[in-house]
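Heads up: the structure comes next, in structure tokens.
The values are calculated or read from the model by the stated rules, or taken from the named source; none is laboratory data. Since we're looking at a predicted model, the values are computed, not measured. Neighbour counts run over all protein chains shown; Cβ positions are idealised from the backbone, glycine included. Just so you know, the surface numbers come from the protein's heavy atoms only, side chains and all, with ligands and any DNA or RNA stripped out. Shrake-Rupley method; radii C 1.70, N 1.55, O 1.52, S 1.80 Å.
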Amino acid sequence: MLIVLSGGGTAGHINPALALADELRARGCDVRFAGTPQGVEARLVTEAGIPFTPFEAAGFNRNHPLTLPKAVAKIQKSTGRAKKWLADLDADAVVGFGGYVCIPVGRAAEKLGVPVVVHEQNSVMGMANKYLAKRAAAVCLTYDHAAAALDEAARERVTVTGNPVRKSVFAATRAEGRALFGVPEDARMLLVTGGSLGARHLNQAVCALKDELLAYGDLHVVQVTGPKELDAVTEQLALSPDEARRWHLFGYLDRMGEAMAAADAIVSRAGATSLAEISARAIPALLVPFPFATEDHQTTNARAYVEAGCAYMLADADVEGPEFERLLRSLLEDADVRARMSAAARAQKTADAAAKLADVVIAAAR
């Protein structure tokens, strides 16, 4: 069975696709990937050893109507190319994960009678997924309330699978993570991350609590600032050599699996991939959603997770106030709070998401 995956634009679309690819290949399926030539997917998919075929696609700026004809022309041209490509492959199904490139690939599949499955990672459906969901054989969601954007017919084809997480996230052990950062087993470790691009406001709020955090004699902080924020954070913290032994700074960290395995608690944004990985590893969390995400979807992403008892949540506007310190202290000081959050996170069964999605894809394939 040959399955084509498609997605582009952000790692949030690509990581769950790669998790599904791992699961499908473990079941004996042949997997190919269609993305944009310049997107992050071109690198990530190739590094994962999956054959990658590029297709041009672009969105349009609603404030500049003249960008629409160019975007439509690209999609039409790529639809023709994708149709020939899919026919040559004799694909059994196409799975779209979001991003404009899914539109020509999905449309080409429809023209050939190849079943299309859509997977939406966020609580608010993206434009490409919403478009393809109208005629998709199956629509898979991370959050059931995302179905509100669909018409009645499409809602009948919905399965809530959760958001797949790559096996590499599970592979790291606590001992490996502790060894990587030089954190003793009997110490506590706080992981701070704003996602792949970092988060200036979040970094500043954590740095402002430097003295309070280092006052915990057994606490190590691993802070991933984002590449553009590393210099500013380094200057703000002004760590002495002794302090730097317990406060580990990184602009970017390509071994987040080990970092999450080692962490006792995490402060993080609430992007779909970050939240899925936090859930899969059952890490007690303080979530600070990015306030300018489309339709504030990070807040919506986090709300159900918080209501299930898996995390605390605080608005970005409040991170420099006393509530941020109060919640962070509760997370670090109260072992019962951490234990309850971890148990609630495990009950979400995020670790099963890739298998659930693979079941739907294989059932839909022709």
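Some observations on this one:
- Of residues in region 209-236 being hydrophobic (A, V, I, L, M, F, W, C) and farther than 23 Å from Ile278 by Cβ, the one least open to solvent (accessible area, probe 1.4 Å): Leu214
- Test result for Ala280, within 19 Å of the chain's Cα centre (by Cα) and of a type in the set (A, V, I, L, M): yes
- So Ile14, is it more than 18 Å from the chain's Cα centre (by Cα) and outside any loop (DSSP other than H, G, I, E, B): no
- Filter result for Asp22 (without any contact (Cβ under 8 Å) to a residue 40 or more places away in the chain and either open to solvent by less than 50 Å² (accessible area, probe 1.4 Å) or in contact with a Leu (Cβ under 8 Å, 6 or more places away or on another chain) (or both)): no
- Here Val222 meets the list (1) of a type in the set (Val, Ile, Thr); (2) without any contact (Cβ under 8 Å) to a residue 40 or more places away in the chain; (3) not in a helix (DSSP H, G or I) almost entirely, failing just condition (2).
- Test: residue in region 183-203 that is touching a strand residue (DSSP E or B) at 6+ places or on another chain (Cβ under 6 Å) and part of a helix (DSSP H, G or I): no
- When Gly195 is tested against (1) in contact with a Ser or Thr (Cβ under 8 Å, 6 or more places away or on another chain); (2) open to solvent by less than 30 Å² (accessible area, probe 1.4 Å); (3) farther than 30 Å from Arg107 by Cα; (4) modelled with pLDDT of 95 or more, only condition (4) is not met.
- Some residue of region 27-37 being over 27 Å from Thr159 (Cα atoms), open to solvent by 20 Å² or more (accessible area, probe 1.4 Å) and either part of a loop (DSSP other than H, G, I, E, B) or touching a Gly at 6+ places or on another chain (Cβ under 9 Å) (or both): yes
- Inspection of region 223-239 identifies no residue that is out of contact with any His (no Cβ under 9 Å at 6 or more places or on another chain), within 24 Å of Glu185 (Cα to Cα), modelled with pLDDT of 90 or more and not hydrophobic (A, V, I, L, M, F, W, C).
- Restricting attention to region 304-319, the residues that are surrounded by 13 or more Cβ atoms within 10 Å (Cβ to Cβ) and farther than 20 Å from Ala280 by Cβ total 5.
- Within region 283-299, the set of residues being among the small types (Gly, Ala, Ser) and open to solvent by 10 Å² or more (accessible area, probe 1.4 Å) comprises Ala293 only.
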